[in-house]
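Visitor: Pasting in a structure now, in structure tokens, and then I'll have a few things to ask.
The values are calculated or read from the model by the stated rules, or taken from the named source; none is laboratory data. Nothing here was measured: the structure is a model prediction, and the numbers come from that model. So basically every Cβ, Gly included, is an ideal-geometry build from the backbone, and we count neighbours across all protein chains shown.
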């Protein structure tokens, strides 16, 4: 700057650009002379771009004057040709005015005589260091699109604090944060977060920053937003929350982050679906597994038709998710508001491969348990999978062997059932028959080739179970057909016996309790 006038706060003048509004900025000139008034004239080199009000005047000693600089956008454009820094230049002329008549702190003339700044007898100072920087919502939005991190920071820092520039929106109503997230630029998000934006501001589509990042799978951005305490729950008036977007779109790492930060696993969408409903509907199996491992309630019925996740999985024919839900304890007997079960959905949509797990398998096991040979044959002829398992991992052969239904066991073996199939705890049909003391079933299984040395997940053989329960006849059968006495451990009967009985009782009680809880008959 020259020795007569100082610009405050700096020689860079901010001009704010907003669509449909006058584009202007203000600059303050300070007379640094202690005793002498100073005349000034501020001129743009391209006069068609700017108007300065007032363009000239006189400033009293140590006084200030604020000028308004109006900018005219190029015809047909909403942005300057160059931004945020303008290539346009200004000239500031200043000259001491001894003996000038000053009234008050400063006096201004509409037109200060031009010869004041051209007469060679006077010492005229000329400064060309005045620069223009363009600010405003449109400028910031464009810089975000360009990824100009240093320029974005400068514009934010130079913006008037009373104008929350970080919460600017573009012409489509998108905030800067939404724009940065849409482009997948975590470094820009991190910069914007330094200026404390409104994290709950919504885009034109109604999503918050965290919801948008969760929907797009931007894991690092989600982590940044959560670190700044973005709300993990759905706003009451909007359809989805972050957890719903993550589950629906299969973003398992984001789903895990949200749950770790306290997102409610069973929170509902506006139409009453849980994240588990959405994960099942979109075949997001990993997300479904994660939600179930966290403790998602498996039989919640949505607000529309009263469908559970199992209803949805059955209607879409996703057998792997059906299997997962059943393994986790889903109740296949739940009826929706139309009175339909998951099996009904599978039947309506022709998903034949689900019939066994949702209905026929249970019927087969029940018939096997009740010694109903004809019913067993009829169900098998109807398409039931002979090696199908119920929710406890049992086949019909497990059931029949445990109950000692020799006729059913014989039919199942003739039909080719896998006699060495194991349940969740590693029990075969031979373990079941040995535990429940059915020597005839044990003998039949052994004759058909059942593995007498098969071990449960705890390393127990059928012989060890029979030995601990003092079933002499069964031990003779097993030894005669190859069971190795030398491998028998000295295991107490209480440690080996009755795992099936305890398991049956526990799971039956659990199911009965569940049925009562949801109001089923």
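Visitor: Yes or no: the range 416-426 includes at least one residue that is surrounded by 17 or more Cβ atoms within 10 Å (Cβ to Cβ) and closer than 26 Å to residue 289 by Cβ.
Guide: Quick first cut of the range 416-426, residues surrounded by 17 or more Cβ atoms within 10 Å (Cβ to Cβ) only: 417, 419, 422-423.
Checking the rest, the ones that are also closer than 26 Å to residue 289 by Cβ come to 422-423.
Within the range 416-426, one or more residues are surrounded by 17 or more Cβ atoms within 10 Å (Cβ to Cβ) and closer than 26 Å to residue 289 by Cβ.
Visitor: Next up: Checking residue 84 against (1) in the same structural domain as residue 37 (by TED's automatic domain parsing); (2) touching a helix residue (DSSP H, G or I) at 6+ places or on another chain (Cβ under 6 Å); (3) modelled with pLDDT under 90, which single condition isn't satisfied?
Guide: (3)
Visitor: Which of the residues that make up the range 183-227 are touching a helix residue (DSSP H, G or I) at 6+ places or on another chain (Cβ under 8 Å), in a helix (DSSP H, G or I) and under 21 Å from residue 142 (Cα atoms)?
Guide: Result: 186, 187, 188, 189, 190, 191, 192, 193, 209, 212, 213, 221.
Visitor: Looking at the range 303-319, is at least one residue under 24 Å from residue 224 (Cβ atoms) and in a helix (DSSP H, G or I)? Please lay out each step first, then the result.
Guide: Of all residues in the range 303-319, those under 24 Å from residue 224 (Cβ atoms) come to none.
No: the range 303-319 contains no residue that is under 24 Å from residue 224 (Cβ atoms) and in a helix (DSSP H, G or I).
Visitor: Show me the strands (runs of 3 or more DSSP E) entirely contained within the range 23-100 in which 2 or more residues are without any contact (Cβ under 8 Å) to a residue 12 or more places away in the chain and more than 51 Å from the chain's Cα centre (by Cα). Show your work before the answer.
Guide: On the way: elements: 23-31, 38-44, 50-53, 56-59, 64-71, 90-96.
It comes to none.
Visitor: From the list 409, 460, which one is surrounded by 15 or more Cβ atoms within 10 Å (Cβ to Cβ) and either part of a helix (DSSP H, G or I) or without any contact (Cβ under 8 Å) to a residue 24 or more places away in the chain (or both)? Walk me through it before giving the result.
Guide: Values: 460 fails: either part of a helix (DSSP H, G or I) or without any contact (Cβ under 8 Å) to a residue 24 or more places away in the chain (or both).
Unique residue meeting the criteria: 409.
Visitor: Oh, and also: Scan (1) closer than 18 Å to residue 438 by Cα; (2) surrounded by fewer than 22 Cβ atoms within 10 Å (Cβ to Cβ) for the single condition residue 402 breaks and write down its number.
Guide: (2)
Visitor: Across the range 241-250, what is the number of residues that are closer than 23 Å to residue 202 by Cβ and surrounded by fewer than 24 Cβ atoms within 10 Å (Cβ to Cβ)?
Guide: Our first condition is that a residue be closer than 23 Å to residue 202 by Cβ; within the range 241-250, this holds for 241-249.
Now drop any that are not surrounded by fewer than 24 Cβ atoms within 10 Å (Cβ to Cβ), which leaves 248-249.
Selection size over the range 241-250: 2.
Visitor: When you check residue 447 against the structure, is it under 54 Å from the mean Cα position of the chain (by Cα) and surrounded by fewer than 16 Cβ atoms within 10 Å (Cβ to Cβ), yes or no?
Guide: Working: under 54 Å from the mean Cα position of the chain (by Cα): no; surrounded by fewer than 16 Cβ atoms within 10 Å (Cβ to Cβ): yes.
For residue 447, the condition - under 54 Å from the mean Cα position of the chain (by Cα) and surrounded by fewer than 16 Cβ atoms within 10 Å (Cβ to Cβ) - is not met.
Visitor: From 323, 332, grab the single residue that is surrounded by fewer than 21 Cβ atoms within 10 Å (Cβ to Cβ), farther than 19 Å from residue 269 by Cα and touching a helix residue (DSSP H, G or I) at 6+ places or on another chain (Cβ under 9 Å). Quick ask: steps written out before the conclusion?
Guide: Working: 332 fails: surrounded by fewer than 21 Cβ atoms within 10 Å (Cβ to Cβ).
One residue alone meets the criteria, 323.
Visitor: Report, by residue number, each residue of the range 49-81 that is farther than 17 Å from residue 14 by Cα, modelled with pLDDT of 90 or more and loosely packed, with under 15 Cβ neighbours inside 10 Å.
Guide: Within the range 49-81, 62 is the sole residue that qualifies.
Visitor: Being within 37 Å of the chain's Cα centre (by Cα) and part of a loop (DSSP other than H, G, I, E, B) narrows it down to one of 383, 388, 416, so name that one.
Guide: On the way: 383 fails: within 37 Å of the chain's Cα centre (by Cα); 416 fails: within 37 Å of the chain's Cα centre (by Cα).
Going through 383, 388, 416 in turn, just one is within 37 Å of the chain's Cα centre (by Cα) and part of a loop (DSSP other than H, G, I, E, B): 388.
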